[in-house]
């Protein structure tokens, strides 16, 4: 198996894509309250800033900024995924899932990209918030209920 090396940059802004396992039903939006609870509890234990977040039926895009003295984003995703998984029905479990005590809901890994410039960060936020439009789920980003775009509209940071 590959040994993935992830950057360890304290205080980084990072763009993420986190997907459900391919054999899993698209449950994220059906169980949005469980996901919100998992994130809220994780923010208490392992704080980070949510710059953007969008939840689609089978994947999440997010932009986070970590605290200045912290680089442990993998730990945060692990905790969020575990907390969510404990509250929903298990997915299809292969022998490797059983061996690792996994519920077969999430893909094991996630995609991350460290954002090095403010333009990079702005593009990643725009990508997150417009992703439901790209997937044909809504006509405008503000029509999608599972997005931080509503917070940004309230704060005057997003206009459609």
Legend entry - Residues 128, 71, sorted so that the one with the fewest Cβ neighbours within 10 Å comes first: 71, 128
Legend entry - For the stretch 28-90 versus the stretch 108-160, the gap between their alpha-carbon centres in whole angstrom: 16 Å
Legend entry - the chain shape via C-alpha gyration tensor axes, a/c threshold 1.5: oblate
Inset, instruction - Considering Cα pairs under 8 angstrom that are at least six residues apart, work out the relative contact order of the chain and quote it in whole percent. - result: 30 percent
Legend entry - Estimated [θ] at 222 nm from DSSP helical runs (n ≥ 4, -39500 (n - 2.57)) normalised by residues in the chain, nearest 500: -10500 deg cm²/dmol
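FYI, it's all coordinate maths here, none of it is from the lab. Everything numeric in this text was worked out from a predicted model, so none of it was measured. FYI the Cβ positions are ideal-geometry reconstructions off the backbone, even for glycines, and counts take in every protein chain you see.
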